[in-house]
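What follows is a set of notes on a single structure, which appears directly below.
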Amino acid sequence: MKMKCIKIICIHIDKGKKHDYRLFKENRLPILKSTKIQADIGYQGIQKKYSQSKIPHKGKKKCPLTKQQKKENHQLSSTRVVVENVIRTLKIFKIIAEKYRNRRKKFGLRLNLLAAICNFQLC
């Protein structure tokens, strides 16, 4: 079985700590409504704007997940693991895993260079 070539195509940064979904909303990337988006549980509310998006079902104490919902969550996580592995590859360089203690002005440039290195490594 041949592996797909996975590439990091977009990196967006902002000052300080900010939740991924908030950063996604503020970024305003031009995404078509028909684009399929797979996100983690932190992106609740994305389905209002993008109907093709999928997030895992969330179980509650009084209403646990059904077998079908668990199966769908498993299928979604098995495809999202590729994205998580790319994030892990970036975190190996410690630039996003730990506090950045260098010039803030060059952070974006350095992160893009690391993404290019990861793209070279992943293909």
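Values as computed for the structure displayed
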quantity	calculated
Wholly within the range 44-123, helices (runs of 4 or more DSSP H) carrying at least 3 residues that are without any contact (Cβ under 8 Å) to a residue 40 or more places away in the chain and surrounded by fewer than 11 Cβ atoms within 10 Å (Cβ to Cβ)	67-91, 107-122
Members of the range 20-43 that are surrounded by 10 or more Cβ atoms within 10 Å (Cβ to Cβ) and among the aliphatic types (A, V, I, L, M)	Leu23, Ile31, Ile37, Ala39, Ile41
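Okay, residues lined up against (1) out of contact with any Asp or Glu (no Cβ under 8 Å at 6 or more places or on another chain); (2) under 19 Å from His12 (Cβ atoms); (3) β-branched (Val, Ile, Thr):
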position: Ile31; (1), (2), (3): yes, yes, yes
position: Ser34; (1), (2), (3): yes, no, no
position: Tyr50; (1), (2), (3): yes, yes, no
position: Val82; (1), (2), (3): yes, no, yes
position: Asn85; (1), (2), (3): yes, no, no
position: Leu90; (1), (2), (3): yes, yes, no
position: Phe93; (1), (2), (3): yes, yes, no
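Laboratory data are not the source of any read-out in this text; all were calculated from the coordinates shown. In this text, all values refer to a predicted model and were calculated from it rather than measured experimentally. With ideal geometry, Cβ positions are generated from the backbone for all residues, glycine too; neighbour counts draw on all protein chains shown.
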